[in-house]
Amino acid sequence: LLGAERNRRLLIHFLNAMLAGELTAPIVEVEILNPYNEREFLDDKLSIVDVKARDQARRLYQIEIQLLNIPDLPARILYGWADLYSAQLQNGEGYDQLRPTYAIWLLSKPLQPKLKEAIHRFRLRDELGQSLGDHGGIWLLELSKCTIEIVQTEQQRWLKFFIEGEQLDDQRLPEWMHTEEMHQAMTTLIAFS
């Protein structure tokens, strides 16, 4: 849905919707990257992501859809972000070359069941909210906690699609699905289901 070249426009729309207000400028172009995070040594852990992309400002994005809460999922989430962030530099390159890296996880099961909030934005900050720089962050979207009656934002539209998409009748789509992006998303969903 978001990792195919033919759906690159959907990926751009999704990223702009999820990160609205976070990015200094909207994403206008993305390059879909190899989903394998390369190993430097044979003993290094190989990680594979659902979608990996880089935008026109060289910011990096990882998108994961997780159906089950596996043991140590928080550590896996953090490792995936750190692996993508650290892989930006090659020998001899300066740290000024590092660009913000964003990991967006769509979770079908609650990761933090005691919290009522469905959207969690994790960034590197100290206890006073001070940051060492713009490094991006990790967005966790707990879909089972989302209750969206009326779609008012593009973020809500995408979340509602991921929650209800499989149950929708493509011949009688609700009003909130009547956008170019949602029609393309629905066509893709039907094609692979």
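The values are calculated or read from the model by the stated rules, or taken from the named source; none is laboratory data. This structure is a prediction, so every number in the text was calculated from the model and none was measured. Here Cβ is always computed from backbone atoms with ideal geometry, including for glycine, and neighbour counts include all displayed protein chains. All accessible areas refer to the heavy atoms of the entire protein, side chains included, with ligands and DNA or RNA removed. Shrake-Rupley method; radii C 1.70, N 1.55, O 1.52, S 1.80 Å.
List of remarks:
- Any chance residue 58 is touching an Asp or Glu at 6+ places or on another chain (Cβ under 8 Å), open to solvent by 50 Å² or more (accessible area, probe 1.4 Å), at pLDDT 95 or above and within 16 Å of residue 99 (Cα to Cα): no
- Test: residue in the stretch 95-110 that is in contact with a helix residue (DSSP H, G or I) (Cβ under 7 Å, 6 or more places away or on another chain), touching a residue at least 60 places away in the same chain (Cβ under 8 Å), in a strand (DSSP E or B) and surrounded by 14 or more Cβ atoms within 10 Å (Cβ to Cβ): yes
- Close pairs from the stretch 59-86: first aliphatic (A, V, I, L, M), partner open to solvent by 60 Å² or more (accessible area, probe 1.4 Å), Cβ under 6 Å, at least 6 apart: 60/54; 63/50; 65/50
- Any chance residue 157 is surrounded by 13 or more Cβ atoms within 10 Å (Cβ to Cβ) and modelled with pLDDT under 95: no
- Screening residue 164 with (1) touching a residue at least 40 places away in the same chain (Cβ under 8 Å); (2) under 19 Å from residue 18 (Cα atoms) gives one miss only, at (1).
- Evaluation of residue 84 against the conditions (1) open to solvent by 50 Å² or more (accessible area, probe 1.4 Å); (2) among the aliphatic types (A, V, I, L, M); (3) closer than 26 Å to residue 159 by Cα shows that the sole unmet condition is (1).
- Set 138, 148, 77: member being in a loop (DSSP other than H, G, I, E, B), out of contact with any Gly (no Cβ under 8 Å at 6 or more places or on another chain) and crowded, with 16+ Cβ neighbours inside 10 Å: 148
- Any chance residue 147 is of a type in the set (S, T, N, Q) and touching a strand residue (DSSP E or B) at 6+ places or on another chain (Cβ under 6 Å): no
- Of all residues in the stretch 140-150, those that are within 23 Å of residue 109 (Cβ to Cβ) and β-branched (Val, Ile, Thr) total 2.
- Any hit, the stretch 114-125, residues being surrounded by 17 or more Cβ atoms within 10 Å (Cβ to Cβ), of a type in the set (Phe, Trp, Tyr) and touching a residue at least 12 places away in the same chain (Cβ under 8 Å): no
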